[in-house]
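The values are calculated or read from the model by the stated rules, or taken from the named source; none is laboratory data. Computed from a prediction, not measured in an experiment: that's the story for all the values here. No Cβ is skipped: glycine too gets one built from the backbone with ideal geometry, and neighbour counts run over all protein chains shown.
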Protein chains: 4
Amino acid sequence: MQKLTCAIVGASGYTGLDLTRLAARHPQLKLVALLSDRWAGEAAGDRLPLSGPSAGLRYGALSEASAVEAEVVFLATPPEVSVELVPRLIARGLRVVDLSGAFRLADKAAYPTWYGFQHAAPELLAEARYGLPELNRAALAGARLITNPGCYATATAMALAPLVKSGLVSPDGVAVAAMSGVSGAGRKASEEYSFCELDEDLRAYRLGRHQHVPEIEQTVKRYAGRCGPISFVPHLVPVRRGILATATLRLAEGVAVRALEEVYLAAYRDEPFVRVLPAGQVAVKDVARTNRVHLGVAVDARAGAAVAVAAIDNLVKGAAGQALQALNAAMGWDETSGLDLVGG
Amino acid sequence: MQKLTCAIVGASGYTGLDLTRLAARHPQLKLVALLSDRWAGEAAGDRLPLSGPSAGLRYGALSEASAVEAEVVFLATPPEVSVELVPRLIARGLRVVDLSGAFRLADKAAYPTWYGFQHAAPELLAEARYGLPELNRAALAGARLITNPGCYATATAMALAPLVKSGLVSPDGVAVAAMSGVSGAGRKASEEYSFCELDEDLRAYRLGRHQHVPEIEQTVKRYAGRCGPISFVPHLVPVRRGILATATLRLAEGVAVRALEEVYLAAYRDEPFVRVLPAGQVAVKDVARTNRVHLGVAVDARAGAAVAVAAIDNLVKGAAGQALQALNAAMGWDETSGLDLVGG
Amino acid sequence: MQKLTCAIVGASGYTGLDLTRLAARHPQLKLVALLSDRWAGEAAGDRLPLSGPSAGLRYGALSEASAVEAEVVFLATPPEVSVELVPRLIARGLRVVDLSGAFRLADKAAYPTWYGFQHAAPELLAEARYGLPELNRAALAGARLITNPGCYATATAMALAPLVKSGLVSPDGVAVAAMSGVSGAGRKASEEYSFCELDEDLRAYRLGRHQHVPEIEQTVKRYAGRCGPISFVPHLVPVRRGILATATLRLAEGVAVRALEEVYLAAYRDEPFVRVLPAGQVAVKDVARTNRVHLGVAVDARAGAAVAVAAIDNLVKGAAGQALQALNAAMGWDETSGLDLVGG
Amino acid sequence: MQKLTCAIVGASGYTGLDLTRLAARHPQLKLVALLSDRWAGEAAGDRLPLSGPSAGLRYGALSEASAVEAEVVFLATPPEVSVELVPRLIARGLRVVDLSGAFRLADKAAYPTWYGFQHAAPELLAEARYGLPELNRAALAGARLITNPGCYATATAMALAPLVKSGLVSPDGVAVAAMSGVSGAGRKASEEYSFCELDEDLRAYRLGRHQHVPEIEQTVKRYAGRCGPISFVPHLVPVRRGILATATLRLAEGVAVRALEEVYLAAYRDEPFVRVLPAGQVAVKDVARTNRVHLGVAVDARAGAAVAVAAIDNLVKGAAGQALQALNAAMGWDETSGLDLVGG
């Protein structure tokens, strides 16, 4: 079989690194270009444990991005960069998977508020397919432009969407507290993200203002038909990888935990990457370095609440792995292709 | 001045260790007994960086607890042990600070549900004074039996009580996600709490079932006059010390963040251990190894929510430090006595 | 091609877990049995991110080990268990890879000192082939009993052997300081290995008495023809995986660093798992979750010393990965088969 | 008693922060100035858990350093800055404690090699007193210019000096491997020191080239009368605070471990900050946030080696704490004044 040639733009960020690791071993992909100003001129095999031809690939400069030669281009770039590159690549007839938030929100009016810019290519928003196969598979077949979900949005929407759709919980008054490993902030040369500042620390940040909020609401609404405004509080915790999202929802009276678990089981029964567990057994360590999602739900009857918990690896199911999964779906390949990861 | 003699029962647990560190340097206390089966016979100075007479104290066996000779006895023991010891020590006329949960709940009927035992000394529940000075100072003067608050309960109740009392938020529908350092689980010889199992992991546990839940509700109700059932989800995160509690509350319409901050400032204006900060600046590292509480509040207007964040050191303000602060209050000493800690 | 059936005894320890992850994906192996008393009766797919038939395998009891049906048996058991099992399995004509130290030392007289037991099967010591392909490949072809090297021994012997053989450094007066991730101690239910005791701590242990010392000396001597007694100090550091070994050697006068690097390059030129780097660039994070060895050497001319540094993942190249590599060598398969790991 | 007024220059680095914490509580010191461009204008109490007048001190700009008004000035500045400031402050008759390496080496010819600059104030090198009281107490009485030891140098020299002096080990062929917490690198805004790059990693750096090497040799020679060139390899490990130094020395034949322990006990018998322990019990966690030094020594008879292990907190005994201890010695105060730290 002829392999699909692919390029990764922004290959030295943490997401770009995981994409490189995975794409290099994907049986239907042939990695032909890696762009990164940081490592321009170096061989990929000097930066990552690659073997075969990928190891010999040399990083090119980001300035080559719009002219890159490949059938599919992954953009692991900031939204401001993606919004410029995507139209040029699409215009050249290439397939694009954008891992930034630049095309995630269908409503162009939302970008100034949440991303701080007027969208420069609003005509492509309708074409962009949201790459969360478990909640949006039908839309992905044949997609030319895949907008890859955010890490918090993946974990949170997968936890919320089936429950809200079931009607057993309210679509209003949802409160989410989520924790992310530090790699979620990207590769940073800043005091704030230094080891000494973050080790042994816990803090909340961007309370109610994280750009994944409208993305979560859009995804839940698309899947469940409705979704109230969600209160979302992200936290920074001293781990390298992983997201744990804990959502508290208003529960209809008399609903037992088994009924909620059934909702998850029904929604995700055939999903190769999803496991439903007792909520107290959902743990980041079990999904780290895999494309898996672990989900659990508990009932707090006293408080009239359901509590849903989701764990993912922010760089895999929350970024690079999901990008490949969505491409697999778009191409009609086995969705697990290239994603049989050992974890550990 | 004559110093008050004091004993610590359960001196080798993490709370007992911090109590020992602090009591040994407290200007009004004289440490005269340390009980711990684990280290019975060893000198305290071989286990902790003590100097002076405390260093030479030898750990005695727990079986000596009820006959211990000291004017005040700190119990850093499990609730099942405390509930047996407290009546005997009180009967001998000693002052007692119990750091377990055995006397925290005023309603004896709550113990079977939350602590798994019928209370063996319910007649003492009315006498026990809840040792959270910032919310219950008046009751502490002269207290003979101080029941020291739980770590999660301290952080959460301090964040919630003034807001609920203000009427600017609803006493109902409160959702709390809290994270604790591993020392909160006590000194454990278990696979589950081994370094390899917890490092780089995140998980929720005891969802809606943590024994601090009724304690938080009781404290808020006592202070604010009302409190609905709270949904509380604790999480285990890979730090040694510290608690971060994030509470999402339903906000009355049109309330600005400044109004909520004013509530905190008014409630805690003269408190030497409390600082009110922007919510995104509340961080465990700034309170670690101090008796401080850092509090912040944000408004998520879209979601009609207020989000309150509190950080403490679970072993200091959440246990040993607060025990000394409450004793200071009971004795009429300067409440900061022995608690001028450097952190770091 | 017919796959070779394999069993893993001791499948729930950290080494057993990594073996399971890797064997389940090895193209020439078919996992048919997993033995572990801890998880007896559970499905492997409930403990590890497996897919396919391996996920459905149920853990059996350790008592079934000597009767296990498989063409090759991996023993991830303590030496006391391996020394009993190996003769029975070999007698049944099975191929065995023993990951314990039970058959690593050729001299039966060394076991009482270093392992604390009289060897119960000394007649098999001559048959056991030391499974470190880079230093002992020739002996592995067709091996029936492979004794898998220790983690510290792998890193240290690979760093030392070529240098000692070159004659540019002295075979005497070698001082090694090595650091290991906590998983090297195995799965432990002990206070000593709890998160709170190890996080943020550093310490040396078993100074000069670690059982890998005679193994290192035997390996260097076998490869280089000579080796003086090595001073070896292991350290425990707060990481989950990884070994860094730093060896200080007496350098012949006037030898430049380039000459030492050439020795490494010549020894390991065609080795797919070895990379030679500047000594300050050898880092555990680059080899974690791979079968790689990173090596570097520096010259400290003032002190007349060469300093060699090696990094491996203690559970992969230091245990499970190397076991598969050695089996690959024994079977005549591509040595990298099943070991193309992404790291991260 | 009149307190001595003191200033801290470079108050926002990790050493400067610990100095501020400690100086603010020192019974004979009155903190009157804190200089730091990073926080210029902010109140110290907004950055650190201070109380009393220190909390209200506002950070001034570094440009005010040479004109600062205080009886003693602590310089927590880079050597290039200290070498300029010290002559001006000394010329104004102030007492100075310099925590950089600018005045540590008595031989001006050593600076170009180890510090990269020609010394601009060589006339002060003879006046500078090396502030390691346990090894150099006599020289400190009345000192006007104290040059505070390096962190690695403190741990290593304290481990080596008495052993070398005893004649039981050789002054030649000493090999030291040391590990440092990340705060030893200072406050850094760099990718290299980011949480994601350092967490779970281990590596060696500056092999044989660390600027503390000549300082160690000078200290040992001054104390013991002799010292060969030492091979010193520092390592970076994922903890915030702490140094563990492991030194391998050539042991005279037949020397028992007890003889070496006696050497330590004799040398440090009356030292309030030193404890001699079995080498495997020397651990960073026991000295963290204290001014203590834990020392141990083991004999590796097979290898003809003694192995000495030392643990300190790099920011306390390795920097800020020792600076106060040395000042205490210079002023004739109790050497433990202001240093009764709780650790934890």
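Does B:Ile90 qualify as being in the same structural domain as B:Ala11 (by TED's automatic domain parsing) and β-branched (Val, Ile, Thr)? If you could, list the steps in order and put the result at the bottom.
Working: in the same structural domain as B:Ala11 (by TED's automatic domain parsing): yes; β-branched (Val, Ile, Thr): yes.
Criteria met by B:Ile90.
Against the condition in contact with a Leu (Cβ under 8 Å, 6 or more places away or on another chain) and surrounded by fewer than 24 Cβ atoms within 10 Å (Cβ to Cβ), how does D:Val299 come out, does it pass?
Values: in contact with a Leu (Cβ under 8 Å, 6 or more places away or on another chain): yes; surrounded by fewer than 24 Cβ atoms within 10 Å (Cβ to Cβ): yes.
Taking the combined requirement at face value, the residue satisfies it.
Among the numbered criteria (1) surrounded by fewer than 22 Cβ atoms within 10 Å (Cβ to Cβ); (2) closer than 22 Å to D:Pro238 by Cα, which single criterion is violated by C:Gly184?
For C:Gly184, the failing item is (1).
Look at A:Leu324 and say whether it is under 17 Å from the mean Cα position of the chain (by Cα), crowded, with 24+ Cβ neighbours inside 10 Å and more than 8 Å from every other protein chain (Cβ to nearest Cβ).
Yes; evaluated as a whole, the condition is true for this residue.
On the given criteria, is B:Phe195 among the aromatic types (Phe, Trp, Tyr), crowded, with 24+ Cβ neighbours inside 10 Å and within 20 Å of the chain's Cα centre (by Cα)?
Values: among the aromatic types (Phe, Trp, Tyr): yes; crowded, with 24+ Cβ neighbours inside 10 Å: yes; within 20 Å of the chain's Cα centre (by Cα): no.
Here the answer is no, as B:Phe195 does not meet what is asked.
Can you go through A:Asp286, A:Asp340 and tell me which one is surrounded by fewer than 24 Cβ atoms within 10 Å (Cβ to Cβ) and out of contact with any helix residue (DSSP H, G or I) (no Cβ under 7 Å at 6 or more places or on another chain)?
Selected residue: A:Asp286, the only one of A:Asp286, A:Asp340 that is surrounded by fewer than 24 Cβ atoms within 10 Å (Cβ to Cβ) and out of contact with any helix residue (DSSP H, G or I) (no Cβ under 7 Å at 6 or more places or on another chain).
Within region D:286-303, take every residue that is part of a strand (DSSP E or B) and not acidic (Asp, Glu) and give me the one that is nearest to the other protein chains (Cβ to nearest Cβ).
Step by step, filter region D:286-303, then rank; the result is D:Ala298.
Residue-by-condition table, conditions (1) buried (at least 19 other Cβ atoms within 10 Å of the Cβ); (2) free of Cβ contacts under 8 Å to residues at least 12 places away in the same chain; (3) more than 21 Å from C:Thr15 (Cβ to Cβ); (4) within 14 Å of chain D (Cβ to nearest Cβ):
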site: C:Tyr264; (1), (2), (3), (4): yes, no, yes, no
site: C:Ala305; (1), (2), (3), (4): yes, no, yes, yes
site: C:Val309; (1), (2), (3), (4): yes, no, yes, yes
site: C:Ala320; (1), (2), (3), (4): yes, no, no, no
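Determine which member of the set C:Leu124, C:Leu132, C:Leu85 is crowded, with 23+ Cβ neighbours inside 10 Å, of a type outside the set (Lys, Arg), touching a residue at least 12 places away in the same chain (Cβ under 8 Å) and over 30 Å from C:Thr248 (Cα atoms).
Checking each option against the conditions leaves just C:Leu85.
Please find, within region D:25-51, the residue that is farthest from B:Phe273 (Cα to Cα) out of those that are without any contact (Cβ under 8 Å) to a residue 60 or more places away in the chain and basic (Lys, Arg).
D:Arg38
Taking B:Gly280, is it in a loop (DSSP other than H, G, I, E, B), surrounded by fewer than 22 Cβ atoms within 10 Å (Cβ to Cβ) and in the same structural domain as B:Val164 (by TED's automatic domain parsing)?
no
Is it the case, given these coordinates, that D:Gly52 is surrounded by fewer than 24 Cβ atoms within 10 Å (Cβ to Cβ) and on the phi > 0 side of the Ramachandran plot? I'd like the intermediate steps shown before the answer.
Details: surrounded by fewer than 24 Cβ atoms within 10 Å (Cβ to Cβ): yes; on the phi > 0 side of the Ramachandran plot: yes.
Answer is yes for this residue.
So if I check each of A:Leu207, A:Leu202, which one is without any contact (Cβ under 8 Å) to a residue 60 or more places away in the chain, within 25 Å of B:Ala252 (Cα to Cα) and among the aliphatic types (A, V, I, L, M)?
A:Leu207
Quick check: is even one residue across region D:243-259 without any contact (Cβ under 8 Å) to a residue 60 or more places away in the chain, part of a loop (DSSP other than H, G, I, E, B) and facing another protein chain (nearest Cβ under 7 Å)?
Keep residues of region D:243-259 that are without any contact (Cβ under 8 Å) to a residue 60 or more places away in the chain, which gives D:253-254, D:256-258.
Retained after the next criterion (residues that are part of a loop (DSSP other than H, G, I, E, B)): D:253-254, D:256.
Subsequent filtering for residues that are facing another protein chain (nearest Cβ under 7 Å) retains none.
No: zero hits.
Would a scan of region A:187-204 turn up a residue that is on the phi > 0 side of the Ramachandran plot and in contact with a Pro (Cβ under 8 Å, 6 or more places away or on another chain)?
yes
Scan region A:217-233 and give yes if some residue there is buried (at least 19 other Cβ atoms within 10 Å of the Cβ) and more than 30 Å from A:Gly254 (Cα to Cα), otherwise no.
There is no residue in region A:217-233 that is buried (at least 19 other Cβ atoms within 10 Å of the Cβ) and more than 30 Å from A:Gly254 (Cα to Cα).
For region A:165-177, check the following and say yes or no: at least one residue is charged (D, E, K, R) and touching a residue at least 60 places away in the same chain (Cβ under 8 Å).
Yes, there is a match, as at least one residue in region A:165-177 is charged (D, E, K, R) and touching a residue at least 60 places away in the same chain (Cβ under 8 Å).
Are any of the residues in region B:232-241 within 27 Å of A:Gly280 (Cα to Cα), in contact (Cβ under 8 Å) with a residue 60 or more places away in the chain, within 7 Å of another protein chain (Cβ to nearest Cβ) and assigned to a strand (DSSP E or B)?
To start, the set of residues in region B:232-241 that are within 27 Å of A:Gly280 (Cα to Cα) comprises B:232-241.
Of the ones still in play, those that are also in contact (Cβ under 8 Å) with a residue 60 or more places away in the chain are B:232, B:234, B:241.
Among the residues that remain, those that are also within 7 Å of another protein chain (Cβ to nearest Cβ) are: none.
The answer is no; no qualifying residue exists.
Being surrounded by 15 or more Cβ atoms within 10 Å (Cβ to Cβ) and either in contact with a strand residue (DSSP E or B) (Cβ under 6 Å, 6 or more places away or on another chain) or of a type in the set (S, T, N, Q) (or both) is the filter; apply it to region A:100-119 and report the residue that is farthest from A:Cys151 (Cα to Cα).
This residue is A:Phe103.
If a residue has to be surrounded by 24 or more Cβ atoms within 10 Å (Cβ to Cβ) and more than 24 Å from D:Ala128 (Cβ to Cβ) to count, how many in region D:204-216 make the cut?
2
Of all residues in region C:200-231, which are at the interface with chain D (Cβ under 7 Å from one of its Cβ atoms) and more than 15 Å from C:Ala178 (Cβ to Cβ)?
Across region C:200-231, the qualifying residues are C:Glu200, C:Asp201, C:Pro229.
Look through B:Leu35, B:Leu4 and report the one residue that is crowded, with 24+ Cβ neighbours inside 10 Å and not small (Gly, Ala, Ser). Can you show your working first?
Working: B:Leu4 fails: crowded, with 24+ Cβ neighbours inside 10 Å.
It is B:Leu35.
At least 1 residues that are facing another protein chain (nearest Cβ under 9 Å) in each: list the helices (runs of 4 or more DSSP H) lying fully within region D:133-199 that qualify.
Per the criteria, D:195-198.
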